[in-house]
Amino acid sequence: MSSAPPERAAPAPRTAAVRRWARRVAPALVGAVVFAATAALLDPALRVERPGALEAGDDAAVRETLGQYQRIYEDFFASGGGPAMLDAFPATKELKHFVFRDVGFLRDAGMVQVQDLAATTVVAVRRRSAGVVEADVYEEWNQMLQTVGDRKPVTAPKGFGQGFRYTLRRDGSGWRVVGWDLADLPAPERDGRRLW
Amino acid sequence: MTTAGAARRAAGWAAPERAVAALVAPLLAAGALAAVGWVPWAELLAARTVTIFAGLAALAAAAAGGRASASGRRGLAAAWVAGALALAAGAAALATRIEGEVDAGLDEDGPSWRIAHAGLAAVAPALKVLEVPATRPSGKIRLLVDGREVVAEAGEPVAVGRGRRLVVRDVLIAPALSVERARGEVEGSALVKLDPGRREWFTAGTLPHRFYVTVPEPAGTALAAPRSLHVRVQRGKLRVHEGDLAAGSEARFEGITLRLEKEGAPWARIELRSAPDARAIAFAVLAVAAAFVVARRARGLRGADA
């Protein structure tokens, strides 16, 4: 004995409309997900980012990174190339290499360069592209050369002010200086006082 | 649900028309993001993902055309095929798209391109400058591009095959500079290709110094070596030398000698771009318009039948 299969009830009009809509939209959604996954794999540089200003907290983090960069930079010269702070120096390998080339050049000449940062004024921090910012900094330094062994002065202390433009890139551990260049920045106004 | 029903449903989901929608929708969305500035156009057009999706969409559109043809809907089939061709042309254009520039010295073998963007199958041409004009900025320059001789007028684009165009932006004389240590060891000696009026820098050997050099804007139209350069030498934070350096003279600082020779050598800055083919763009627009019209008509007829 057999019985006829029960007839399926026709879907309600609203359910049918939702299904039709889902059928139309689903391919686009699937395509978008596959596109995003493929782009992440093949084109990691392709990012969706709102153009314009820095993200919240970036300005302060970049200023902090630059402060740390200058402090350790001073220390490298004062110690004649002591590597204690090498890992904490927020710069690329290439920049670290150049700093040590500089210290080595002085050491070969039997000298140590003592340079103290009298003042630093961050004039501007700008976003350049995804995860890359540019900072204009006016720096005021005092420096003198000393002999390596007995630290006798070779030159009189001398001060100077100079604008620099730093490029910083964000990586897994935070911001890192990836390049610098000279920048023609005016000296900050301090009621005629100079710190160097 | 029966096995046949499930298969029919699966086949429906995998239909080429749906595949086209799945492939084209993210391309349109990415284009919209680029239009509002959330994604840079240049990076989007150079993305391999975009080229791959456009290529796959072309294949899916061709398959949809085949399906429409098999079911006797010839107009729709023609529209799908036109769309497939337009997508294929777009994918090919993206794959071969390239942008870059080169600073090539006269008779220099294999100058290296600075590639800004390059598609999946893009190749920069092998280039050699054979002859430069005696004047600038206008004049003819003779080039060897992929083994073929090409004469270009400065500032005018010249086609060099595969949709690529070269533009000679400028022809200048590179000053010859050398850097020596106190004991006479030469740390570096080079023809430095510099943009007039711009402060640019180079390093020499193992020295920690940056040599900032500014070439003055050429005074006349004759192609001649600069009579002097403005030089600033920086060691880290410290400026160790600054001043004008005349041709044939030298500057000394920190036990280093920087010398500017009297003679230089010609070089050309040449730009490479892929030029979109206007006919291909017009064809693509027409194909998409035709597909749209046919699809609308087919839908209208189906509605009338119902």
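The values are calculated or read from the model by the stated rules, or taken from the named source; none is laboratory data. For clarity, every value in this text was computed on a predicted model and none was experimentally measured. Backbone-built Cβ (ideal geometry, glycine too); neighbour counts: all protein chains shown.
Of the residues making up region B:178-214, those that are over 21 Å from A:Leu182 (Cβ atoms), within 14 Å of chain A (Cβ to nearest Cβ), in a loop (DSSP other than H, G, I, E, B) and not polar (S, T, N, Q) are B:Ala182, B:Arg183, B:Glu185, B:Gly205. Here A:Ala130 passes the criteria (1) within 12 Å of another protein chain (Cβ to nearest Cβ); (2) farther than 13 Å from A:Gln70 by Cβ; (3) free of Cβ contacts under 8 Å to residues at least 60 places away in the same chain except the one numbered (3). The set of residues from region B:159-169 being surrounded by fewer than 17 Cβ atoms within 10 Å (Cβ to Cβ) and at pLDDT 90 or above comprises B:Ala159, B:Arg165, B:Arg169. The single condition from (1) farther than 30 Å from A:Ala56 by Cα; (2) within 28 Å of the chain's Cα centre (by Cα) that A:Leu106 fails is (2). The set of residues in region B:127-144 that are modelled with pLDDT under 95 and of a type outside the set (D, E, K, R) comprises B:Val132, B:Pro133, B:Ala134, B:Thr135, B:Pro137, B:Ser138, B:Gly139, B:Ile141.
Looking across region A:133-162, the residues that are in contact (Cβ under 8 Å) with a residue 40 or more places away in the chain, within 14 Å of chain B (Cβ to nearest Cβ) and either under 12 Å from the mean Cα position of the chain (by Cα) or under 24 Å from A:Leu106 (Cβ atoms) (or both) come down to A:Val137, A:Glu139, A:Glu140, A:Trp141, A:Asn142, A:Val154, A:Gly159.
So which residues in region B:136-171 are closer than 18 Å to B:Ser112 by Cα and part of a strand (DSSP E or B), if there are any at all?
Once the filter is applied, which keeps residues that are closer than 18 Å to B:Ser112 by Cα and part of a strand (DSSP E or B), region B:136-171 yields B:Leu143, B:Leu144, B:Val145, B:Arg164, B:Arg165, B:Leu166, B:Val167, B:Val168, B:Arg169, B:Asp170, B:Val171.
Do we find a residue being exposed (fewer than 15 other Cβ atoms within 10 Å of the Cβ), within 14 Å of chain A (Cβ to nearest Cβ) and of a type outside the set (Ser, Thr, Tyr) anywhere in region B:144-156? Taking every residue of region B:144-156 in turn, none turns out to be exposed (fewer than 15 other Cβ atoms within 10 Å of the Cβ), within 14 Å of chain A (Cβ to nearest Cβ) and of a type outside the set (Ser, Thr, Tyr).
Counting only residues that are among the aliphatic types (A, V, I, L, M), assigned to a helix (DSSP H, G or I) and free of Cβ contacts under 8 Å to residues at least 60 places away in the same chain, region B:25-51 holds 11 of them. Scanning region A:134-181 for residues that are among the small types (Gly, Ala, Ser) and assigned to a strand (DSSP E or B) yields a total of 6.
Of the residues A:Ala45, A:Ala109, the single one that is at the interface with another protein chain (Cβ under 9 Å from one of its Cβ atoms), of a type outside the set (Asp, Glu) and farther than 20 Å from A:Trp175 by Cα is A:Ala109. When B:Asp244 is tested against (1) part of a loop (DSSP other than H, G, I, E, B); (2) surrounded by fewer than 17 Cβ atoms within 10 Å (Cβ to Cβ), just one condition goes unmet, and that condition is (1). Just one residue in the set A:Arg170, A:Arg126, A:Arg165 is touching a strand residue (DSSP E or B) at 6+ places or on another chain (Cβ under 8 Å), charged (D, E, K, R) and buried (at least 18 other Cβ atoms within 10 Å of the Cβ); that residue is A:Arg165. Identify the single condition in (1) surrounded by fewer than 17 Cβ atoms within 10 Å (Cβ to Cβ); (2) within 19 Å of the chain's Cα centre (by Cα) that B:Ala89 does not satisfy, given that it satisfies every other one. The number of the failed condition is (1). Which residues, counting only those in region B:36-76, are of a type in the set (Phe, Trp, Tyr) and more than 10 Å from chain A (Cβ to nearest Cβ)? Selection gives B:Trp41 alone.
One residue is enough: does region B:229-248 have a residue meeting the conditions away from chain A (no Cβ under 14 Å), among the small types (Gly, Ala, Ser), out of contact with any Ser or Thr (no Cβ under 6 Å at 6 or more places or on another chain) and in contact (Cβ under 8 Å) with a residue 60 or more places away in the chain?
Scanning region B:229-248 turns up at least one residue that is away from chain A (no Cβ under 14 Å), among the small types (Gly, Ala, Ser), out of contact with any Ser or Thr (no Cβ under 6 Å at 6 or more places or on another chain) and in contact (Cβ under 8 Å) with a residue 60 or more places away in the chain.
Looking across region B:193-211, the residues that are surrounded by fewer than 16 Cβ atoms within 10 Å (Cβ to Cβ) and charged (D, E, K, R) come down to B:Asp195, B:Arg198, B:Arg199, B:Glu200. In the set (1) surrounded by 11 or more Cβ atoms within 10 Å (Cβ to Cβ); (2) at pLDDT 90 or above; (3) assigned by TED's automatic domain parsing to the domain that holds A:Met144, A:Ala40 fails one condition alone, (3).
Counting the residues of region A:71-87 that are closer than 16 Å to A:Gly174 by Cβ and either in contact with a strand residue (DSSP E or B) (Cβ under 9 Å, 6 or more places away or on another chain) or touching a residue at least 40 places away in the same chain (Cβ under 8 Å) (or both) gives 2. When A:Ala84, A:Ala118 are checked against the criterion of being part of a helix (DSSP H, G or I) and either farther than 21 Å from B:Val233 by Cα or touching a Cys at 6+ places or on another chain (Cβ under 8 Å) (or both), a single residue qualifies: A:Ala84.
Residues that are modelled with pLDDT under 95 and more than 22 Å from A:Thr147 (Cβ to Cβ) within region A:72-87 comprise A:Ala84, A:Met85, A:Leu86, A:Asp87, listed in sequence order.
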